[in-house]
1. If the chain between CYS310 and ALA271 were fully stretched, how many nm would it gain, using 0.36 nm times the residue separation less the Cα-Cα distance?
2. Given charges of +1 on the Cβ of Lys and Arg and -1 on the Cβ of Asp and Glu, with all other atoms neutral, how large is the dipole of the stretch 267-341 about its Cα centre, in debye to the nearest 20?
3. Determine the order of HIS191, HIS146 by accessible area, beginning with the largest, at a probe radius of 1.4 Å.
4. Taking H placed 1.01 Å from N in the peptide plane, check which residues at least 5 places from ILE102 or on another chain put their amide H under 5 Å from its amide H.
5. Using per-residue counts of other Cβ atoms within 10 Å, averaged over each peptide, order 103-109, 299-305, 86-92 from highest down.
6. With just the Cα atoms defining each centre, how far is the stretch 200-231 from the stretch 261-284? Give it in Å.
7. How would LEU270, LEU114 line up by accessible area, probe 1.4 Å, largest first?
8. Compute the distance in nm between two label points, each set 7 Å from the Cα along the Cα-to-Cβ direction, one at TRP149 and one at ARG248.
Amino acid sequence: MTSRPPEVEPKAWLPGEPHPAGAAPADRPRPPLPSLPEPEFDDEPRTTEINLRLSDFSGPQSPALAQRALLIRMDGVHAGLVVAIESFPFTIGRHATNALRIDEESISRFHARLVREDGAYYVEDLGSRNGTFVAGERVTRRRVEHGTWLGFGAQASFRFTLTDAREERLFRKLYESSTRDALTGAYNRLHFDERLRAEIAFAARHSSEASLVLLDIDHFKRINDTYGHPAGDLVLSEVARLSMRSLRTEDVFARFGGEEFAVILRGIALAGARKLGERLRIAIESTPFVAGNERIHVTLSAGCASLACCTHPSPEELVRIADRRLYLAKERGRNQVVADG
């Protein structure tokens with residue numbers, strides 16, 4: 001039996017400091033679940049604008065070209081996420097060393113793996129607490145084929161897919177179109193709302209912190225009126241690019257609306273959120289924005305809030321507090337970060 005890597009204790013992290021790779025909470029002993037809950041579905045109809053060319057659907061793939069193995073997530077806020085299986089064995093679990101890390105409560109640190117033997121694919125459970133499932137049936141080992149539905153733990157579900165490079169690109173386009181803002185590349189508001197609920201639930205499960213930073217470009221209407229809307233679009237795109245470059249992989253950067261952006265910070269208290277907001281503010285103020293022959297001076301204001309600021313932590317209360325502090329930053333003269341009041 002292959003030995004498992006040793007436990008790695010998480011280290012405290014603040015934005016601007018090196019992030020400890022591989023930090024993951026240790027398992028806590030808990031009794032096995034008596035039964036697996038039914039997946040929850042949102043009955044509210046939603047629409048997504050997807051920009052794809054008809055040439056993307058130019059014909060059926062050839063079976064001879066279907067040499068790429070993928071997992072496509074089918075549940076929750078990550079529905080549609082494409083995970084390429086680059087090598088075997090392909091491990092799945094909560095520990096950071098897995099090929100696919102699923103950081104959810106019902107997932108074991110080393111939950112399952114996919115293997116390839118004599119040209120066939122198999123899923124194997126690694127002694128997980130809450131089970132590995134094929135088409136709803138709990139298994140220890142089972143052959144999987146194109147279209148097989150896999151479940152891990154209480155909720156995480158994937159479709160195993162064999163495809164070619166062209167169709168893989170299409171799957172990725174569909175996911176990006178459903179979650180990203182077309183202009184800036186930031187996550188869209190729908191994805192932000194879903195992720196904020198998920199991050200607050202994660203913080204509650206792990207007794208940890210989460211923070212929110214709301215950012216607003218100062219005098220953005222004046223930029224549009226003076227330099228034109230193409231210049232305004234350039235400013236939005238560059239602010240997003242500079243901001244995303246400063247964030248960790250697990251942080252969520254979204255276009256909140258118009259010239260407003262939002263950052264969800266997992267495991268970060270209010271002081272760390274304020275530090276990040278200040279770093280972004282300085283980066284934007286010190287960057288020259290050039291549109292044609294014009295140099296545009298851009299600043300932003302920010303409001304920060306953490307779950308510790310909330311009386312009854314909820315997405316609505318966290319957004320309300322951060323938005324109030326953003327308003328105070330504007331009221332106090334703009335180009336500043338407010339984390340109180």
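The values are calculated or read from the model by the stated rules, or taken from the named source; none is laboratory data. Being a predicted model, the structure only gives us computed values, none of them experimental. Glycine gets a Cβ as well: all are built from the backbone with ideal geometry, and neighbour counts include every protein chain shown. For the accessible areas, the whole protein counts, side chains as well, though only heavy atoms, and no ligand, DNA or RNA atoms are used. Shrake-Rupley method; radii C 1.70, N 1.55, O 1.52, S 1.80 Å.
1. 12.5 nm
2. 160 debye
3. The residues order as HIS146, HIS191, largest area first.
4. GLY93, ARG94
5. Going from most to least packed, we get 299-305, 103-109, 86-92.
6. Here the two parts' Cα centres lie 10 Å apart.
7. Accessible-area ranking of LEU270, LEU114, largest first: LEU270, LEU114.
8. Each label point is offset 7 Å from its Cα along the Cβ direction, giving 3.4 nm.
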